[in-house]
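I'd like to ask some things about the structure below.
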Amino acid sequence: MNNLTDIDLTDFWESSEYSDNKYKNESVTEELITKVESRLDYKLPEAYIELMKSQNGGIPVNTCFPTNESTSWAEDHVAISGIMGIGFEKTYSLCGGLGSQFMIDEWQYPNDGIYICTCPSAGHDMILLDYSKCGNEGEPEVVHVDQEHDYKKTFLASDFSEFIKGLVNESEYDNSEEELKETLEALKNGRFSDVLQQYFKADKSIDFDKVLRNLFKELTNEKGYFALHADPLSYLAYDIQFYLLSINKKIKSKKQFVEEYPLMVAMGNNEISTGGYADFFSDWYDLRIKNKEIKSGFFSSVKFTDNYKATLFEQIEKYK
């Protein structure tokens, strides 16, 4: 049964290169559905399959869902950053590298169903098709699961169709002007993480505290909010963080960098923090390796080449 017949899906999906690269899978086939259901051990809702036939995963235009209680995201709604598609290959697909089972195995989310939507917190909350009441073959409820509050569940919709119909545009909750003011105040007077403050001491030839504050203020004014993505200013922020990390610790692999990165800004323990992260910084690392701007040093540690370090310091001049 098609539960989405009364929804116009023509303009449902946002068009972007990031969505195509991370979420959008190949077209849905019966064989693919069977393979994914077998891997996850749950029957996918018909409404979800119907939506995936319009586009197999991606970022919708409307990304907010109203709630009757507060969550870690907001007092009156939750937000999603994408809907996972039926597949194995894309990072954010049901069986992909950061798919449903990954969140259960690596982030210890409750094994109660299928984690179907990513959220802006980059892993600290998720949207779940919850089969705990209906069984693996039944029609699951849609709930918000909050990792920050001991995996608390907040009921959203009785089924996937109701969830999709209830999505609203983020403009319905636009308080960006007030949030921007608060963020800029934090960037002006707040503290960086304890780890980053310690790293600043390794190279006192540059006031990296001031440099990063000025860079983050420019980036925040440009975006309207504080987040690091795949834009030039974000890449410069990744450069600075990698440089500071590399002169304080012997980084021997990408895996180690990925583990150390969040402690500086993404999940910093003081006021200046983005409060979450996606894998843009991982893509940044791959690009620097590809361009031979990062090299192996003594004892197999990795660091910037002398030429790229000089380029970086030229870019930093603007923010001193």
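The values are calculated or read from the model by the stated rules, or taken from the named source; none is laboratory data. Here the structure is a predicted model, which is why all the values come from computation and not from measurement. In this analysis, Cβ positions are derived from the backbone assuming ideal geometry, glycine residues included, and neighbour counts consider all displayed protein chains.
Hey, among 257, 226, which residue is outside any helix (DSSP H, G or I), without any contact (Cβ under 8 Å) to a residue 60 or more places away in the chain and not β-branched (Val, Ile, Thr)?
226
Going through segment 45-70 one residue at a time, which ones are in contact (Cβ under 8 Å) with a residue 40 or more places away in the chain and surrounded by 20 or more Cβ atoms within 10 Å (Cβ to Cβ)?
Residues satisfying the conditions are 45, 47, 48, 50, 51, 55, 58, 59, 60, 63, 64, 65.
Related question: One residue is enough: does segment 192-213 have a residue meeting the conditions closer than 30 Å to residue 250 by Cα, in contact (Cβ under 8 Å) with a residue 12 or more places away in the chain, of a type in the set (Asp, Glu) and in a loop (DSSP other than H, G, I, E, B)?
yes
Something else about it: Hey, can you tell me all the residues within segment 50-85 that are more than 18 Å from the chain's Cα centre (by Cα) and either assigned to a loop (DSSP other than H, G, I, E, B) or outside the structural domain of residue 164 (by TED's automatic domain parsing) (or both)?
Scanning segment 50-85 gives 55, 56, 67, 68, 69, 70, 75, 76.
Turning to a different aspect of this structure: So residue 104 passes all but one of these: (1) within 17 Å of the chain's Cα centre (by Cα); (2) assigned to a loop (DSSP other than H, G, I, E, B). Which condition number does it fail?
For residue 104, the exception is condition (2).
Do you know which residues across segment 147-189 are under 20 Å from residue 134 (Cα atoms), outside any loop (DSSP other than H, G, I, E, B) and not polar (S, T, N, Q)?
152, 153, 155, 156, 157, 160, 162, 163, 164
Something else now. Just give me the residues in segment 82-92 being among the small types (Gly, Ala, Ser) and either modelled with pLDDT under 95 or in contact with a Phe, Trp or Tyr (Cβ under 8 Å, 6 or more places away or on another chain) (or both), in sequence order.
Matches in segment 82-92: 82, 85.
So residue 317 ticks every box in (1) without any contact (Cβ under 8 Å) to a residue 40 or more places away in the chain; (2) of a type outside the set (A, V, I, L, M, F, W, C); (3) touching a helix residue (DSSP H, G or I) at 6+ places or on another chain (Cβ under 9 Å) but one. Which box is left unticked?
(3)
Could you say which residue among 91, 29 is outside the structural domain of residue 266 (by TED's automatic domain parsing), in contact (Cβ under 8 Å) with a residue 60 or more places away in the chain, of a type outside the set (D, E, K, R) and surrounded by fewer than 21 Cβ atoms within 10 Å (Cβ to Cβ)?
Of the residues listed, the single one that is outside the structural domain of residue 266 (by TED's automatic domain parsing), in contact (Cβ under 8 Å) with a residue 60 or more places away in the chain, of a type outside the set (D, E, K, R) and surrounded by fewer than 21 Cβ atoms within 10 Å (Cβ to Cβ) is 91.
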